[in-house]
Amino acid sequence: MNAPDQSLAPTLARLSFWVPPTRSSEFETTYKTRLVPILKKHSLVESSEQGRPTPAGVFSRLFAVESPATVAEKGKALQEDAGYQAVVRELRQAFALDPQWLEIQERLASPTAEREFLTGRLDLYSTPAGPGKQTVAGPGKQRVAGRGRGLWRTFDATDGLRGGYIRSILQDPEGVLWIGSYGGGLSRYDGEQFKTFTARDGLASRMVQAIVLAQDGVLWIGTHGKGIYRYDGQRFEHFTTAAGLAHDYVLRLFQDREGNLWIGTWKGLSRWDGHTFTSFTTQDGLPADEVHAIFQDREGNLWFGVGALAGGSAGGACRYDGHRFTPFTAADGLAAEHGVWSIVQDREGSLWFGTAGGVSRYDQGGFETFTTEDGLGADEVWAILQDREGALWFGTKYGGMSRYDGQRFTTLTTEDGLGSNSVEAIFEDREGALWFGTWNGLSRYEAHTFITFTTQDGLPDDQVLSVCQDREGALWFGTAEGGVSRYDGHTFTTFSTEDGLPDNRVSLLFQDREGRLWFSSTTQNAGKGVCRYDGQTFTAFTTQDGLADDRVYAIFQDREGAFWFGASRYDGRIFASSPLADGLISSMWISYSMWISAITQDQEGVLWFGTEGRGVIRYDGREFTTFTTQDGLADNVVHSMIQDRQGRTSKPLPLKRVWLTI
């Protein structure tokens, strides 16, 4: 949403009365002669702004005021004005016993509203949103939810993923995952199904060691014995030693910032500049010819991890500045006697090397090595990743996954849900889920970490009643007394009555399809209707606009775009009163137990209403059907509802079940 623009429109207050429709002209005359002079004394002059249509029986006028705070001040002044209150009492006596007025009150008023003439209350109608109060968020209090606990899922051959040894994982701009496996080849996962590429598609090898997505969107695939393949989404192009590649057994692929593709093989290192291959071996300064890891640091230097699994020189790492190779070995403090399998640079600039003898951290002070004695799951580290929270993850051989938060290691294994204790690839997707390529399929992990934010971190109130995430990914928190606060990951921006919010209690949040936010401020005995925020203006809707009740516990937008505020349907122009007569809420307002607490629409378009004590009501557009404990419902208090899905062909098949929480 855009920043509020104070020049858009004035702040408007509304003065309203319930009046029998047949006597509206009579009331207007009295209003002009008796009330307008008093209102002018309080600097309340009618605005030329056209208000929204009001239901029959509501007489209202709009007034332009300086700010939301002015509305409260003027309202209080009217309540304390003896002359104003005397005129209101006279009007109440003149209109209160009118039979038509009593009928309107029976239909529209809530059970806690006094059965009397509405005494000219001045309320906020609409206002440009204030800037809010911005507070840089504190760090919060972080707590991991138990060792290894989180949501795990492992994908294997039963899910359509071929091959058990996952060597490489990446995500393309469309969100599709690409998986390279040793034995299963190249697979594509779109969130619903796997597609595996074979010789029929042009990929002649099932032994995929490495994959990388180039800057131009092309996918490169490194194989075990068949060289490399280039895939542009339409066809595969094949490159081998015949084209200049150092060796057809490929161990690692990496593209540098300049767009060069680097290929680590069993017999040296190759660079592809888009036209030709240039190869490097021990004769050019590499410590060993087996290149298992490639990385480019912030300064642009390339780092290569080499090993000795096939014999030859001892393992280690080397830095290449574009002119010469500088080796680092065990003699320099690197735990690299048998090889370096992975390299990563963390946010602080330190380099981490996964080796056969632990993980070594390198900075200006030299090398520091962590092993199983420090809490690492196993000493042979094949893969390293730093997640968006800054934690480092180490994939080990036989020791599972180890997470390092800067203080200690936490290890996850098959006992926690990991597919295998040998992990060769780690990837974090856009949603923050971690994917681990193991010897027994692909495991996805959504970590459960609790971070608590309080008023000390910028939250306006510690009692949070509602939460909503908007389209931009920002979180909105409705609080008991502090208004509503928007959190963008760094800063809390809080809106209160000072900024135009009708009430500092926000019990319900909802974002519609147009991106507008809706707020409800409701307790068991009172409410302020609903308020709409479009990024510029707060606009309030109450019973004076046709809302069935100012206490709103559920907001929903149906397929046709209409809004349901509890039992009230709003099409963007008017509130429909038909449900009041159609059986949904006949006698609805006689008890708290009938208030609507949840609304959903199933795949057939049927609307479901959960109530606070009268079960669930089904509305198919023609008739209402009520289900209670007598029909098998576990409880007549329904808090939320959702329809599930079952079965998969190419798309999920709907299962006609609605789930309720009670």
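The values are calculated or read from the model by the stated rules, or taken from the named source; none is laboratory data. Keep in mind that what you see is a predicted model, and the values were worked out from it rather than measured. Backbone-built Cβ (ideal geometry, glycine too); neighbour counts: all protein chains shown. These area figures cover heavy atoms from the full protein model, side chains too; ligands, DNA and RNA do not enter into them. Shrake-Rupley method; radii C 1.70, N 1.55, O 1.52, S 1.80 Å.
Quick notes on this one:
- The combined condition, being part of a loop (DSSP other than H, G, I, E, B) and either more than 29 Å from residue 456 (Cα to Cα) or not β-branched (Val, Ile, Thr) (or both), is fulfilled by residue 535.
So that you can scan it fast, the table gives a plain yes or no per residue for (1) in a strand (DSSP E or B); (2) out of contact with any Phe, Trp or Tyr (no Cβ under 8 Å at 6 or more places or on another chain); (3) surrounded by 23 or more Cβ atoms within 10 Å (Cβ to Cβ):
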site: 337; (1), (2), (3): no, yes, no
site: 342; (1), (2), (3): yes, no, yes
site: 349; (1), (2), (3): no, yes, no
site: 353; (1), (2), (3): yes, no, yes
site: 359; (1), (2), (3): yes, no, yes
site: 369; (1), (2), (3): yes, yes, no
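- For residue 500, the conditions (1) crowded, with 19+ Cβ neighbours inside 10 Å; (2) out of contact with any helix residue (DSSP H, G or I) (no Cβ under 7 Å at 6 or more places or on another chain) are fulfilled apart from (2).
- Residue match in the range 464-479 (condition: open to solvent by 20 Å² or more (accessible area, probe 1.4 Å), in contact with a Ser or Thr (Cβ under 9 Å, 6 or more places away or on another chain), farther than 27 Å from residue 554 by Cα and modelled with pLDDT of 85 or more): no
- Unmet criterion (only one of (1) without any contact (Cβ under 8 Å) to a residue 60 or more places away in the chain; (2) surrounded by 14 or more Cβ atoms within 10 Å (Cβ to Cβ)) for residue 195: (2)
- Cβ pairs under 7 Å, 6+ apart, first in the range 241-258 and without any contact (Cβ under 8 Å) to a residue 12 or more places away in the chain, second aliphatic (A, V, I, L, M): none
- Lone qualifier among 534, 550 - being open to solvent by 10 Å² or more (accessible area, probe 1.4 Å) and modelled with pLDDT under 90: 550
- If you go through the range 261-277 and keep only what is assigned to a strand (DSSP E or B), open to solvent by 40 Å² or more (accessible area, probe 1.4 Å) and in contact (Cβ under 8 Å) with a residue 24 or more places away in the chain, you end up with nothing.
- In the range 619-638, the residues that are assigned to a loop (DSSP other than H, G, I, E, B) and surrounded by 14 or more Cβ atoms within 10 Å (Cβ to Cβ): 628, 633, 636, 638
- Within the range 518-536, the set of residues being closer than 16 Å to residue 572 by Cα and touching a residue at least 60 places away in the same chain (Cβ under 8 Å) comprises 533, 534.
- Tally of residues being open to solvent by less than 30 Å² (accessible area, probe 1.4 Å) and either at pLDDT below 85 or over 13 Å from residue 565 (Cβ atoms) (or both) across the range 599-612: 7
- For the range 384-464, the strands (runs of 3 or more DSSP E) that sit wholly inside it and include 1 or more residues that are touching a Phe, Trp or Tyr at 6+ places or on another chain (Cβ under 6 Å) are 392-396, 401-404, 423-428, 434-438, 441-447.
- Residue match in the range 174-190 (condition: more than 23 Å from residue 443 (Cα to Cα), in a loop (DSSP other than H, G, I, E, B) and either among the aliphatic types (A, V, I, L, M) or at pLDDT 90 or above (or both)): no
- Residue within the range 228-236 that is assigned to a strand (DSSP E or B), closer than 24 Å to residue 354 by Cβ, touching a Gly at 6+ places or on another chain (Cβ under 9 Å) and at pLDDT 95 or above present: yes
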